[in-house]
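These notes concern the structure reproduced below.
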Amino acid sequence: MPTSLFDLIILGLVLGMTYAIASEGLWGAALIFFDALFAALISFNFYEPLAALIVENVSAVANYADSFSMMILFLVPLLIFRLTTDSLGPSMVRFPKALYHLGRWAFAGGASMLAVAMVLLAYQASPVQKKMLGVMDYKYKPFYGERFDRDFLAFFQYTTGYTFARNGVGDPDPEFPNKPILFDPKANWLMIHQAQRPYGTEAILEDAPGEAGAAGAAPANGAQPAPGNEGQRPGPGGRSGQGPGIPGGTAGAAAGLAPTNP
């Protein structure tokens, strides 16, 4: 697939959902945005134990455990939140005209980007090509400059370091001085999941082959994985050091940088 076509599809999804959500008005779009935000946070906080439960009890779908858990824990809370806010919230809140139009498009855009980010992250946790659709790897950057999945990972890393942090029980980190349990201290979720996808032989760090093993890179040129690594799938979540993260950490996530010390 041409990269420009892939970018246009993602951008079209965001713009289409933004238009639909904006039709709810400022109040409705704001509710949908916060419904999606909290549903996404719930998904990434709790998909690890659900995926582990699926792997233990339904081994036939073990390769899809991560992506299934992400989406089910996103969609079910989103539906519950949506029904609850629709039932309990006022049906119409009046705002000044300028604020109304600015706010409804802003909240609609935010909700759309969250939804697309969750779809992309679930797809990246699936057993597909290492370079998804032959286009998207961990360092891919679309022509419009935004990686919605990477931005969400950066945001979630921030919440585990500050907003919802458990301080004093994690490892030292220069970015988070209070030693919280971070979502992924090594910031390598995108690279781990790219390496573990079964199709394709693209190397993870082409510019630094000596670091590829440390980052969990895939064997290049069709080589077999090292003994003991066959069939390994990354565990969801980040508390064990094997789960989600952002290349370059929170600050580097938006810039698309790979970690210097994977």
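In this label model, L5 and R82 are separated by 3.0 nm, measuring between points 7 Å along each Cα→Cβ vector.
Within the shell of other residues whose beta carbon sits under 12 angstrom from the beta carbon of M1, the net charge comes to 0, with Lys and Arg scored +1 and Asp and Glu -1.
Taking 19 Å as the cut-off, the amide N atoms of the stretch 28-48 that come nearer than this to a point 7 Å along the Cα-to-beta-carbon line of F95 belong to 28-38. The Cα atoms of the stretch 1-60 cover 43, 38, 15 Å along the three principal axes, with the biggest extent listed first.
Counting every Cα pair in the stretch 3-124, what percent are over 16 Å apart? Across the stretch 3-124, Cα pairs with separations above 16 Å total 65 percent.
The charge dipole of the stretch 3-124, taken about its Cα centre with unit charges on the Cβ atoms of Lys, Arg (+1), Asp and Glu (-1) only, comes to about 540 debye.
The local environment of D35, defined by Cβ-Cβ distances under 13 Å, has a net charge of -1 under the rule Lys, Arg +1 and Asp, Glu -1.
Where a number appears in this text, it was derived from the coordinates with a stated rule and is not lab data. Keep in mind that this is a model prediction, so the values were computed, not measured. Heads up, the Cβs are rebuilt from the backbone with ideal geometry, glycines too, and the neighbour counts pull from every protein chain shown.
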